[in-house]
Amino acid sequence: MKATEESPAAAVVVAADEEMRILLRGLLQLHRVRVDGEAEGLTEALRALRDHRPSLVVADTHLSDGTAPELVTGARAQLPTVRFVLIAPASRPPQAFPQGCAPDVVLLKPFRIQQFAEAIAPPPGPPPAG
């Protein structure tokens, strides 16, 4: 993911498991994404989103409190344009999300680094005018 010229890409990582947070933080840093905050569950995550206003949220489905759909809904309520990547075990993919509150990408574990890079990349914008 390349940072835009206006502001560098910034992310918040959410996962109950500390090892998963460390892994996600490392993968984001590998792709030159600054990690501004981390959280174990819904309550901490919503606070981190309010405090840091990231352009990207990368969250595991296993949270210390709350559920993945609650987290996506809360994130969208605070930051409607935030890119949201949800990571879930392939054996337990997430169920349906409320309309308008789905993550941008659901990445199933195990995943490859290239799949992660594609998941966190912003969608292609319109071609430059001129």
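The values are calculated or read from the model by the stated rules, or taken from the named source; none is laboratory data. Keep in mind it's a predicted model, so treat the numbers as computed, not measured. Ideal geometry is used to build each Cβ from the backbone, glycine not excepted, and the neighbour counts take in all protein chains shown.
Numbers at a glance
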quantity	calculated
Cross-chain or 6+ apart pairs with Cβ under 6 Å, the stretch 9-34 first and without any contact (Cβ under 8 Å) to a residue 40 or more places away in the chain, then surrounded by fewer than 16 Cβ atoms within 10 Å (Cβ to Cβ)	34/8
Check on residue 64, farther than 20 Å from residue 38 by Cβ and among the polar types (S, T, N, Q)	no
Residues of the stretch 42-82 classified as in a loop (DSSP other than H, G, I, E, B) and either under 22 Å from residue 122 (Cβ atoms) or without any contact (Cβ under 8 Å) to a residue 24 or more places away in the chain (or both), total	7
Unmet criterion (only one of (1) of a type outside the set (Asp, Glu); (2) crowded, with 17+ Cβ neighbours inside 10 Å; (3) part of a helix (DSSP H, G or I)) for residue 85	(3)
Unique match (being of a type in the set (A, V, I, L, M, F, W, C) and under 13 Å from the mean Cα position of the chain (by Cα)) among 16, 96, 90, 39	39
In the stretch 114-130, residue farthest from residue 61 (Cα to Cα) [restricted to those that are modelled with pLDDT under 95 and surrounded by fewer than 13 Cβ atoms within 10 Å (Cβ to Cβ)]	130
Condition broken by residue 62, with the remaining ones in (1) under 18 Å from residue 18 (Cα atoms); (2) surrounded by fewer than 17 Cβ atoms within 10 Å (Cβ to Cβ) satisfied	(2)
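Residue by residue, here is whether (1) farther than 19 Å from residue 11 by Cβ; (2) surrounded by 16 or more Cβ atoms within 10 Å (Cβ to Cβ) holds:
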{"residue": "54", "(1), (2)": "no, yes"}
{"residue": "72", "(1), (2)": "no, yes"}
{"residue": "100", "(1), (2)": "yes, no"}
{"residue": "109", "(1), (2)": "no, no"}
